[in-house]
Amino acid sequence: MTVDKNARHASRMARKKAVIDSAIEQANQEKGLLLVLTGNGKGKSSSAFGMAARALGYGMKVGVAQFIKGRSDTGEEAFFSALPNVEWHVLGEGFTWDTQDLERDIHTAKAGWEIAKKMLQNPEVNLVILDELTYTLNYGYLETSEILADIAARPPMQHVVVTGRAAPQVLIDLADTVSEITDVKHAYRAGVKAQPGIDL
Ligand code: ATP
Ligand code: MG
């Protein structure tokens, strides 16, 4: 690399650093965040549990409420629920096409929400993960406005992560950080069944 090229690189990087440093300086608030992980691609729940690992690394307490899914044999549950700072609730009974009973689905979702709400009222829980919550809203099992009010009323420093496809716009509006995961390709469509350690 010539001296000239080096000097140009150094001055470009210095300008970039000034911009980045100033942006970092301006982001100086602290608050409990509401994150939404939505979209049709794979990686919503696993991203949420990645944040659970981060929080636990800081000695924070984590509460997980899994809506819809009733199975209690995922790798993340086996791993996390054994840890002292984790509260783990499997609150579903399976997808609506499995239960085929609307009244029961509504009852299950409402009972589940009461448990989730306790975590949202407890300032000792630093991170609450509401896994697959969007389905309970989209199927009308839970009243979206009530759920959002309970989330909004949580302790100011508590973080909440909501996962699930098709997040309602009102939830996106309330959230601080929203990621939509795009489905580019999934092995399932090529006939590969869900693989332990990757898919469950
Ligand atoms: P993960 O738990 O792997 O992060 P996710 O939370 O984004 O996935 P869900 O809709 O909750 O996705 O579905 C969970 C299960 O369905 C996982 O086994 C996942 O691999 C699978 N899955 C997710 N997205 C797709 C897709 N687009 N096509 C087929 N299967 C999918
Ligand atoms: Mg999921």
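The values are calculated or read from the model by the stated rules, or taken from the named source; none is laboratory data. These numbers come from a predicted model, not from an experiment. All Cβ positions, glycine included, derive from the backbone under ideal geometry; neighbour counts span all protein chains shown. For the accessible areas, the whole protein counts, side chains as well, though only heavy atoms, and no ligand, DNA or RNA atoms are used. Shrake-Rupley method; radii C 1.70, N 1.55, O 1.52, S 1.80 Å.
With a 1.4 Å probe and every protein chain left in place, work out the accessible area per residue of the range 150-198 in Å², rounded to a whole number.
Details: 3250 Å² over 49 residues.
Normalised by residue count, the accessible surface of the range 150-198 is 66 Å².
Say we join alpha carbon atoms closer than 10 Å with springs in a Gaussian network model of the chain; which of Trp113, Trp88, Trp97 then has the biggest fluctuation?
Of Trp113, Trp88, Trp97, the most mobile in the Gaussian network model is Trp97.
Please get the size of the charge dipole for the chain, origin at its Cα centre, with Cβ charges of +1 on Lys and Arg and -1 on Asp and Glu, quoted in debye to the nearest 20.
Dipole size: approximately 1120 debye.
Identify, among Ala48, Gly70, Ile147, the residue whose Cα sits farthest towards the positive end of the charge dipole of the chain, taking +1 on the Cβ of Lys and Arg and -1 on the Cβ of Asp and Glu, with the dipole about the Cα centre.
Ala48
Tell me which aspartates and glutamates have Cα within less than 20 Å of Lys69's Cα, excluding those fewer than 8 residues away on the same chain?
Glu77, Glu87, Glu93, Asp98, Asp101, Glu103, Asp105, Glu114, Asp131, Glu132, Glu143, Asp199
Where in the chain are the helices, taken as whole DSSP H runs, whose Cα atoms extend 27 angstrom or more along the long axis and whose Kyte-Doolittle mean reaches at least 1.0? Before the final figure, lay out each step's value.
On the way: long enough: 3-26 (35 Å, -0.80).
Counting only whole DSSP H runs, no helix qualifies.
Hey, can you find the accessible area per residue of the range 10-104 for me, probe 1.4 Å, expressed in square angstrom?
For the range 10-104, the per-residue accessible area is 62 Å².
Summing -39500 (n - 2.57) over the DSSP H runs of n ≥ 4 in the chain and dividing by its residue number, what mean residue ellipticity at 222 nm do you reach, to the nearest 500 deg cm²/dmol?
-13500 deg cm²/dmol
Roughly how compact is the chain, stated as its Cα Rg over 2.2 N^0.38 Å to two decimals?
Against the compact-globule rule of thumb, the ratio is 1.23.
When the Cα centres of the range 69-121 and the range 150-199 are compared, how far apart do they sit, in Å?
If you average the Cα positions of each part, the centres end up 16 Å apart.
Please report, in debye to the nearest 20, how large the charge dipole of the range 101-200 is about its Cα centre when each Lys and Arg carries +1 at its beta carbon and each Asp and Glu carries -1 there.
300
With a 10 Å radius around each residue's Cβ, average the other Cβ atoms per peptide and rank 31-38, 148-155, highest first.
My ranking of the peptides, most packed first, is 31-38, 148-155.
Put a dot 7 Å past each Cα toward the Cβ at Lys118 and Ala18; how far apart are the dots in nm?
5.6
Take the solvent-accessible surface of the protein heavy atoms, probe 1.4 Å, and return the percent of it on the chain that carbon and sulfur atoms account for.
C and S fraction of accessible area: 54 percent.
So what's the net charge close to Glu146: Lys and Arg +1, Asp and Glu -1, counting the other residues with Cβ under 12 Å from its Cβ?
Net charge in that neighbourhood comes out at -1.
Quick one: compute a quarter of the convex hull surface over the Cα atoms of the range 76-180 and quote it in nm².
That works out to 7.0 nm².
So for the chain, averaging the separation of alpha carbon pairs under 8 Å that are six or more residues apart and normalising by length, what relative contact order in percent results?
The value is 33 percent.
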